[in-house]
Amino acid sequence: MTALVEFRDVAFAYPRATERRVRAFAFPGLSFEIERGEIFGVIGPNSAGKTSLLRLLTRVLRPQRGEIRLDGRAIDKLPSWDIARAVAVVPQEAPRPFPFTVEQLVLMGRYPHAPRRFFEDAADVAAARAAMQATETLPLAALPLGQLSGGERQRALLARALAQAPQLLVLDEPTAHLDLRYQAETAALLRRLNRERGLTILLVSHDLNLAGELCDRLLLLRAGEIARVGPPMDVLEQALLEEVFGCRVTVDKSINGRPVVQLAYERG
């Protein structure tokens, strides 16, 4: 595999909001790679820097030092439309109110391919239909987003991202508001997209077990620094998780050999 994304000694800090705030969040210097064709997970406690990392990758924020490279090119040198065509982001939820149908939402994913065009062409419609077919949202095409269940909305957002035909699919807490059934369906869909299309996926999640089950490698953040990066069995290690998250856990193996993390409750 070759690197699709490279963080090279990337430093960033937010300004302090008030004088009472002792320390503003900062990345002192991140260096890691996301290999082409892998599912790469970013995990860590609240305020570890997961969302800030995504904002740096999508150029919402700009580093104060270092370089981020996408497909071998520095992103600060890339036109915005090149980044939009290469990176598709699936947020936790669609903004509300959002008075569009599923098909209209998915067609929005084609906009980066023709930013000065006001109407989609036949190729855009075909790409949108293929994306809805892949996510099993084609029967929902005519429905307003407000009429969908949480799982259906999540699949519609994923279809919009696929319609972009990206090199990198970024998912921010994709199962945060879903019940067990939709969590399982989302995980299966992501695995299928990765295996059948070779799609590179960056998954940001608080769900350590989802990340451990899906991802080829994990990056564990702690207060803006990399605590460890590697295969799930190396990162989801009991002593390390207890140190980073500040609570007792147990780590076992699932039937397929993947790590399973549980809180270790003391019996009263």
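Here, each number is a calculation from the coordinates, and none is a lab measurement. Computed from a prediction, not measured in an experiment: that's the story for all the values here. Note that we place each Cβ from the backbone using ideal geometry, even for glycine, and neighbour counts take in every protein chain shown.
Using just the alpha carbons, could you tell me how many Å³ per residue the convex hull of the chain encloses? Provide the component values of the computation, followed by the final result.
Working: hull volume 45.6 nm³, N = 268.
Cα-based convex hull of the chain, divided per residue, equals 170 Å³.
Got the relative contact order for the chain handy, in percent, Cα pairs under 8 Å and 6 or more residues apart? Intermediate values should be presented prior to the final figure.
Details: 487 pairs, mean separation 62.2, N = 268.
Over the chain, the number comes to 23 percent.
Apply 1/(1 + (r/R0)^6) to the Cβ-Cβ distance of ARG8 and GLU93, taking R0 = 35 Å, and write down the FRET efficiency to the nearest 0.05.
E(calc), rounded to 0.05, equals 0.60.
What is the pair-distance distribution P(r) of segment 57-98, computed from all Cα-Cα distances in 10 Å bins starting at 0, with each bin given as a whole percent?
23, 47, 23, 8
Provide the packing ranking of 51-57, 154-160, 184-190, i.e. peptides ordered by the mean count of other C-beta atoms within 10 Å per residue, highest first.
Highest-to-lowest ranking by the protection proxy: 154-160, 51-57, 184-190.
As an exercise, use a Förster radius of 35 Å and the Cβ-Cβ distance of SER254 and THR51 to find the FRET efficiency, rounded to the nearest 0.05.
About 0.80, to the nearest 0.05.
What's the exposure ranking of CYS215, CYS247, going from fewest to most Cβ atoms within 10 Å? Display every interim value, and only then the final one.
Numbers: CYS215 25, CYS247 10.
Ranking CYS215, CYS247 by Cβ neighbours within 10 Å, fewest first, gives CYS247, CYS215.
Using the number of other C-beta atoms within 10 angstrom as an exposure proxy, rank THR175, THR250 with the fewest first. All intermediate terms of the calculation are to be shown ahead of the outcome.
Numbers: THR175 24, THR250 13.
Starting with the residue having the fewest Cβ neighbours, the order is THR250, THR175.
Report the Stokes-Einstein translational diffusion coefficient (µm² s⁻¹, integer) for segment 37-139, Rh taken as the Kirkwood radius over Cα pairs, at 10 °C with viscosity 1.306 mPa s. Write out the running numbers ahead of the final one.
Working: Rh = 16.3 Å.
The diffusion coefficient I find is 98 µm²/s.
Taking the Cβ-Cβ separation of GLU67 and ALA188 as r and a Förster radius of 35 Å, what is the calculated FRET efficiency to the nearest 0.05? Mind dumping the intermediate values first?
Working: r = 36 Å, r/R0 = 1.03.
About 0.45, to the nearest 0.05.
Taking N as the number of residues in segment 60-206, what is its alpha-carbon radius of gyration divided by 2.2 N^0.38 Å? Let's see the in-between values first.
Numbers: Rg = 15.5 Å, N = 147, 2.2 N^0.38 = 14.7 Å.
Cα Rg divided by the expected 2.2 N^0.38 Å: 1.06.
Distance from a point 7 Å along Cα→Cβ of GLN262 to each backbone N in segment 204-234: keep the residues under 19 Å and list them by number.
207-213, 233
Can you say what percent of the DSSP beta bridges in the chain, counting only those with both residues inside, are antiparallel? Round to 5. The partial results should precede the final answer.
Details: 25 of 42 bridges.
Bridges in the chain are about 60 percent antiparallel.
For segment 67-89 and segment 159-195, compute the distance between their C-alpha centroids and round to whole Å.
So the separation of the two Cα centres works out to 21 Å.
Pick out, from VAL60, VAL244, TYR182, the residue whose Cα sits farthest towards the positive end of the charge dipole of the chain, with +1 on the Cβ of Lys and Arg and -1 on the Cβ of Asp and Glu.
It is VAL60, whose Cα lies furthest towards the positive end.
Per the Kirkwood formula on distinct C-alpha pairs, the Rh of segment 180-268 is how many angstrom?
Numbers: mean 1/r = 0.0705 Å⁻¹.
Evaluated over segment 180-268, this radius sits at 14.2 Å.
Summing +1 for each Lys or Arg and -1 for each Asp or Glu, what net charge is found among the other residues whose Cβ lies under 11 Å from the Cβ of PHE7? Walk me through the intermediate numbers first.
On the way: positive: ARG8, ARG69; negative: GLU6, ASP9, GLU33, GLU67.
Here the charged neighbours net out to -2.
Percentage of Cα-Cα pair distances in segment 139-233 greater than 22 Å, rounded to whole percent?
33 percent
With springs only between Cα atoms under 10 Å apart, run a GNM on the chain and tell me which of PHE32, PHE100, PHE119 wobbles the most.
Sorting by GNM fluctuation, first place goes to PHE119.
If we count other beta carbons within 10 Å of each Cβ, what is the order of LEU30, LEU180, fewest first? Display every interim value, and only then the final one.
On the way: LEU30 23, LEU180 8.
With the fewest neighbours first, LEU30, LEU180 line up as LEU180, LEU30.
Read phi for every residue in segment 220-227 and hand back ³J(HN,Hα) as whole Hz from Karplus 6.51 cos²θ - 1.76 cosθ + 1.60, θ = phi - 60°, with x for Gly and Pro.
9, 9, 9, 6, x, 10, 7, 7
Please list the equivalent ellipsoid semi-axes of segment 22-71, computed as the square roots of five times the alpha-carbon gyration tensor eigenvalues, in descending order and whole angstrom. Write down the numbers at each step before the final one.
Numbers: eigenvalues 80, 44, 18 Å².
Here the semi-axes work out to 20, 15, 10 Å.
Pop a pseudo-label 7 angstrom from the Cα along the beta-carbon direction at both ASP76 and PHE100 and give the gap in nm to one decimal.
3.2 nm
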